[in-house]
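Here's the structure, in structure tokens; my notes come after.
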Amino acid sequence: MREFGLFLSVVLLNVTTNVFAQCRYCNTYDEFRADQWTVLDTVYCIGHSKSSQFWWGVNDYKLTTGDEATDKILKKEAFLVMIGDTMYVNLRNLQFEKTRFGSGYTIATLIGKDTLLFVNRQIGKYMKQRVNVGMMFGAIGGAIAASSMMKQQVCYAISNGAGEKGRIPIQLINDNMIDKMIANRSDLREDYYSEKNDNKRIRANHVIPILEKAGIIVTDDKQMNTGLCSND
């Protein structure tokens, strides 16, 4: 099994590439589970990264169709968009420990039949406190804190639908979840716990290779292609 490259050398600065594939979306997690999709004619997927190397968990993907009504759905209502075999999950309503990610889409992959995994910055009470402390030291301190958060990207799982307020609770893939996923693989468990630092152990660059070796997820650098999706 090849080693997972957490960084990709791809330049995306408001540039679209022509990629022709089937485009569709669903509005809820339940629709995703039931394989109920709405087909789209064209989707433009635009990245805004200013760096030539970035985490596959960035949430700066913007999906548009050129139709105002449809674009509003994709921005505020859609849960998941498929462009070919690549899944983009809307971060708008995802919540962890009462903290939300903000807007934008990020790439997701499938675990089993109905659980979605995505990589993003670590959020929640602990990380919020760190950012607040950074802000106390002005713009430079805040920038350092934000940079630190990006370097500590972790994995999250979506396995439930929205609650009463429309928020979708997500789970941090931590020691407990990993133990369940690789319960029958003592070799992988040894690899996982070879990292003694609790915080570093749950980071994406440590977790993803373990899940790949276990055959739980399959990552493909080609899934990072963004651009025009058309059903014509």
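The values are calculated or read from the model by the stated rules, or taken from the named source; none is laboratory data. All of these numbers come straight from a predicted model, not from anything done at the bench. So basically every Cβ, Gly included, is an ideal-geometry build from the backbone, and we count neighbours across all protein chains shown. When the accessible area is computed, the model is the full protein with side chains, heavy atoms only, and any ligands, DNA or RNA have been set aside. Shrake-Rupley method; radii C 1.70, N 1.55, O 1.52, S 1.80 Å.
Could you tell me whether any residue of the stretch 45-64 is open to solvent by 60 Å² or more (accessible area, probe 1.4 Å), over 14 Å from the mean Cα position of the chain (by Cα) and at pLDDT 55 or above? Give the steps one after another, and end with the answer.
First, the residues of the stretch 45-64 that are open to solvent by 60 Å² or more (accessible area, probe 1.4 Å): 48, 50, 52-53, 62.
Next cut, over 14 Å from the mean Cα position of the chain (by Cα) only: 48, 50, 52-53.
Those left that are additionally at pLDDT 55 or above: none.
No, the stretch 45-64 has no match at all.
When the residues of the stretch 182-210 are filtered to those that are in contact (Cβ under 8 Å) with a residue 40 or more places away in the chain and assigned to a helix (DSSP H, G or I), which remaining residue is farthest from the chain's Cα centre (by Cα)? This residue is Asn199.
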